[in-house]
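Asker: Take this structure, written in structure tokens, and hold onto it; I'll ask about it next.
Read the figures in this text as sums done on the coordinates, not as results from a lab. The shown structure was predicted, so the numbers you read here are calculated from the model rather than taken from an experiment. Neighbour counts run over all protein chains shown; Cβ positions are idealised from the backbone, glycine included.
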Amino acid sequence: MTRIAVISLGGTIASTGEDGSSGVTPRLSGEDLVQAAPQLRAIGDIETVEFRKVPSGDLTFSDMVALAQLIEGLFERGVGGVVVTQGTDTMEETSFAIDVLVRDPRPVVFTGAMRNPTTLGADGLSNLVGAARVAASRDAIGVGTLVVFNDEIHAARFVRKSHTSSTATFQSPNCGPLGWIIEDRVRFVARVSQLAPIGEITGEIPEVALLTMTLGDDARLVSQVRDAGYAGAVIEGFGGGHVPARAVAALAALASQVPVVLASRTKSGELLKGTYGFAGSERDLLSRGLVSAGSLDALKARVLLSLILSSTNVVDEAVSVFRAVVDSIWSLAPDVGR
Ligand code: ASP
């Protein structure tokens, strides 16, 4: 039987209340969750690791670096697959950070819950069992980090939390799920390969700003990015990658100092490269040194740039590693063969 480690970080899946009147908070351990789901015993030899017990908004990049080290260590000790349980609020960022940081091809699967264990129709245990099935599946090897939720398998690089309360909140707008779970069977219909590597993380993860362009924006915040101490920025522009003409000078000045990535506030599709020629168009901005996020949304582009900037502070090097990872997003993995 495959050895599966369940690493718990808190979140709604682990949240219960003390007296029924003051709201739920993360209280349950990974062991509590595993004990409540006897179906796990037929899937693998389950071990649990208590890593954090927090709302996922309190997780940090340092937590992710420590989590990646923990996961690599578990794989070195012979674990065949890892399930990470955490809050859903930041799962689209944390799962992508682990996708970038963990190089071992064995499955890492994130899951959580939208309905806490005290509510009717709580979804945590069924998500946990689904995640364990995927973590034990040979088909999940070499496809990067996954998010399993609501019986669907999503690639961390594509997935977004799209709804405040629906149990179907996790969606991959560009391509849909990579597969699904039906009864005890895991089905993949698409396989992406592991992301291109970044350099070794060497210390603190520098802060990268994320700014969304809005109607009539005068880019006043853009000119404050350096003074506020940010090491880079992600600009969430309009549509295919556009900003108001009057924002261009500030963005070009910033891009001459630190890496500035251009993403789209539509949060789906891929950035244009060569269609529009107006001031503030994608062609204009890319020619002034902004770097395309490709099909990464701004949240994921910020995670990637932050991690890269911890491995190098040479701007050209950071930009070329960023581009290599963006280019690897869509590479397809070979079939495992059966
Ligand atoms: N606030 C929770 C968290 O992200 C929400 C959840 O788990 O769904 O920790």
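Asker: Which trypsin sites (Lys or Arg not before Pro) from the stretch 194-258 combine a DSSP loop assignment with at most 16 other Cβ atoms within 10 Å?
Answerer: Answer in residue order: Arg220, Arg226.
Asker: Related question: Just to be sure I follow: if Rg is taken over the C-alpha atoms of the chain and Rh is the Kirkwood radius over the same atoms, what is Rg/Rh?
Answerer: Ratio value, two decimals: 0.99.
Asker: For the chain, what proportion of DSSP beta bridges, expressed in % and rounded to the nearest 5, is antiparallel?
Answerer: Roughly 35 percent of the beta bridges in the chain run antiparallel, per DSSP.
Asker: Report the longest stretch of the chain that contains none of the chymotrypsin sites (Phe, Trp or Tyr not before Pro) sitting in a DSSP loop with at most 16 other Cβ atoms within 10 Å.
Answerer: Looking at the chain, 1-275 is the longest stretch - no exposed chymotrypsin sites (Phe, Trp or Tyr not before Pro) with at most 16 other Cβ atoms within 10 Å.
Asker: Now for a separate question. Taking Lys267 as the anchor, which lysines have their alpha carbon closer than 18 Å to its alpha carbon, excluding any fewer than eight residues away along the same chain?
Answerer: Within reach: Lys161, Lys300.
Asker: Report the paramagnetic label zone for Ala228: residues of the stretch 289-316 whose backbone N is under 16 Å from a point 7 Å from Cα along the Cα-to-Cβ axis.
Answerer: From the stretch 289-316, the list is 299, 302-303, 306.
Asker: Could I have the simple spin-label model distance between Phe278 and Arg323, label points 7 Å from Cα toward Cβ, reported in nm to one decimal?
Answerer: 2.8
Asker: Further, regarding this structure: At most 13 other Cβ atoms within 10 Å and a DSSP loop assignment: could you name the trypsin sites (Lys or Arg not before Pro) in the stretch 46-80 that fit?
Answerer: Arg77
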